[in-house]
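Participant: To start, I am sharing the structure in question, which I have written as structure tokens.
The values are calculated or read from the model by the stated rules, or taken from the named source; none is laboratory data. For clarity, every value in this text was computed on a predicted model and none was experimentally measured. Every residue, glycine as well, gets a Cβ built from its backbone with ideal geometry; the counts of neighbours run over all protein chains shown. Only protein heavy atoms, including side chains, enter the accessible area calculation; ligands, DNA and RNA are left aside. Shrake-Rupley method; radii C 1.70, N 1.55, O 1.52, S 1.80 Å.
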Amino acid sequence: MVDKLKINIVIAGRTYPLSVNNIKEEEGMRKAALAINTLISRFEQNYAVSDKQDVLAMCALQFASKLEISSLQKDTEQVETINKIKELTQLVQTHLK
């Protein structure tokens, strides 16, 4: 059985002890924490937000919306790709007849 790595991640000035499976997962967690803390700083500088919970909610919304938008774009691109493949298949079938 592989031992998990114990790490501490700091988000918004609070430390969270976590267990991760490997170094790649640790790197991902640390990069995510850095992105969150950077966004927190940006929100605090640009908006008159004094409550950390409000800032964290804004961060969560920002990250979740980016993920959803990316997913929607991917779905659209997949549909477009499938339609192009269908068009090409019909074109090839037409020429083979």
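Participant: May I ask you to list the residues in the stretch 30-56 that are closer than 12 Å to residue 12 by Cβ, open to solvent by less than 60 Å² (accessible area, probe 1.4 Å) and either part of a helix (DSSP H, G or I) or touching a residue at least 60 places away in the same chain (Cβ under 8 Å) (or both)?
Facilitator: 33, 36, 37, 39, 40, 41, 43, 55
Participant: Out of all the residues in the stretch 45-61, is one or more of a type in the set (Ser, Thr, Tyr) and at pLDDT 90 or above?
Facilitator: No, there is no match, as no residue in the stretch 45-61 is of a type in the set (Ser, Thr, Tyr) and at pLDDT 90 or above.
Participant: Right, next: Considering each residue of the stretch 80-97, count those that are modelled with pLDDT of 85 or more and of a type in the set (Lys, Arg), and give that number.
Facilitator: Looking only at that region, the number is 2.
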